[in-house]
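These notes concern the structure reproduced below.
Derivation of every value follows stated rules applied to the coordinates shown; laboratory data play no part. The structure displayed is predicted, hence computed values, not measured ones. Quick reminder, even Gly has a Cβ in these numbers, built from the backbone with ideal geometry, and neighbours come from all protein chains shown.
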Amino acid sequence: MTPTLKLAWQSLLNRKITALLTVLAIAISVTLLLGVEKIRTETKRSFLSTLSGTDLVIGARTGPVQLMLYSVFRMGNATNNIDWKSYQHLQQHPLVKWTIPLSLGDSHQGFRVLGTDQGYFTHYQYGDHQPLKIRQGKVFADIFDAVIGADVAKKLGYSVGESIVLAHGAGKTSFMKHSDKPFTVVGILAPTGTPVDQTIHVSLAGIEAIHLGWENGVPAMGKPRVTAEQARQQALEPKTITAALVGLKSKIATFRLQREINEYKDEPLTAVLPGVALAELWSLLSVAEHALLIISAFVVATGLIGMLTSILMSLNERRREMAILRSVGARPVHIFSLMMTEAGLLATIGCTLGVSLLYLLMLITQPIISNYYGVALAITPLTHYEWLLILIIISSALLMGLIPAWRAYKNSLADGMTIRV
């Protein structure tokens, strides 16, 4: 430790209450800035990796963002459905490798119900091409089997073998329930950090079965209810579906098939590239993203201004200290260096404490954020950009330290040993 650094450290210890408050102010501002940056980058990564390995998302004619919202994020409802014959035509297309039908419209205690087929568990991927995994049980095989996401199981306390009743509509409260045809939970998916965790998966035949005898979203008046056993005896091929995920044999054919679907003559359809649509959807959130960063930057600036104020307020009290240093051989430049070192120490300690506090908070809040918001907040080392932010904060502290350092330098020249107290 150099003499100047040692002297600066001793000086801060002599003013430990003021120094501690200054360090805490800087630490909290650094924690907020880096925390916002971490959450922003992790949320964006989780958001953009919600769906991977899928080449096209197909739905009725609508905007790309709306199609992604209801088909992938289970938010909102489709303006129209896809005719089952159109889906079969797509399924048999020579360029198509696999398809996953999606049927939405029902719920269970606020969680969306998705009707699909077993190909969903084979071809659906998220993150870095990670497949879905069954944590307990198995995929559905019977008409009235259900596979639930990790969040559904955790929040509702469900386990394999549980009996559940689906409700018509997507609201948290519904008075139109399919209580005559309960489903049995046969599988629970492993956590994915995506909307899959908050979804109840059933077969397309199951969706058709619970709506037998229904008209315009309500049971048909004057007609007897179709029992579960009667439903099993009927043809349960769907008439329409909400959307479809498509994987192609060759990536080169993506734009060709997209254009072909968008120009489909039998009914108006929309085909979107998931990556492009997700990026467009995220861009809509960029205003809030930038606003958070700006607010965090102002908080950091406030912490540094507090440091500057603290040092400036102590200058008058420390004029005798500076005079004594001059008397033992310190030159004005040494006084200048001392003040700059103090500013650098305060900023460095504050940043170190801020980073430590950030990782402590991440350890505590990681399961909470994953549970309530579906964002997998990975605890990773600081990125180059985050190190750059810390370097900018310390550099800004040193720049602000120039003001009290220059004043101390001038005072030491003017006072010498003639200071009046």
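Calculated FRET efficiency, D142 to N80, Cβ-Cβ distance, R0 = 30 Å: about 0.50 to the nearest 0.05. Normalised by the number of residues in segment 56-272, the average gap of Cα pairs under 8 Å and 6 or more apart makes the relative contact order 32 percent. For H201, the residues whose modelled amide H falls within less than 5 Å of its own, excluding neighbours fewer than 5 places apart on the same chain, are L114, V147, I148, G149.
Modelled spin-label separation between M313 and I368, with each label point placed 7 Å from Cα along the Cα-to-Cβ direction: 3.2 nm. Taking a ≥ b ≥ c as the square roots of the eigenvalues of the alpha-carbon gyration tensor, segment 56-272 is classed oblate because a/c is 1.5 or more while a/b is no larger than b/c. Stretching T184 away from K155 to a fully extended chain increases their span by 8.7 nm, per 0.36 nm per residue minus the current alpha-carbon distance. Here the residues M68, M307, ranked from fewest to most Cβ neighbours within 10 Å of their Cβ, fall in the order M68, M307. Rounded to 0.05, the FRET efficiency of the E267 and A235 pair, given R0 = 25 Å and the Cβ-Cβ distance, is 0.65.
Tell me, what is the FRET efficiency for H89 and H129 to the nearest 0.05, using R0 = 35 angstrom and their Cβ-Cβ distance as r?
On the way: r = 28 Å, r/R0 = 0.80.
In this case the efficiency is close to 0.80.
Between segment 233-300 and segment 182-197, the C-alpha centres lie 23 angstrom from each other. Of all lysines in the structure, those lying under 21 Å Cα to Cα from K85, and not within fewer than 8 positions of it along the same chain, are K97, K239, K265.
Above 12 Å lies some portion of the pair distances; for segment 93-138, what is it as a whole percent of all C-alpha pairs?
On the way: 743 of 1035 pairs.
In whole percent, the share of Cα-Cα pairs in segment 93-138 beyond 12 Å is 72.
The 3J(HN,Hα) values that the Karplus relation (6.51, -1.76, 1.60; θ = phi - 60°) gives for segment 73-86 are, in residue order, 9, 6, 10, x, 9, 6, 6, 7, 10, 9, 5, 4, 5, 5 Hz. Gly and Pro appear as x.
Here's how it looks for Y126: its modeled amide H is under 5 Å from those of S52, which are all 5 or more places away or on a different chain.
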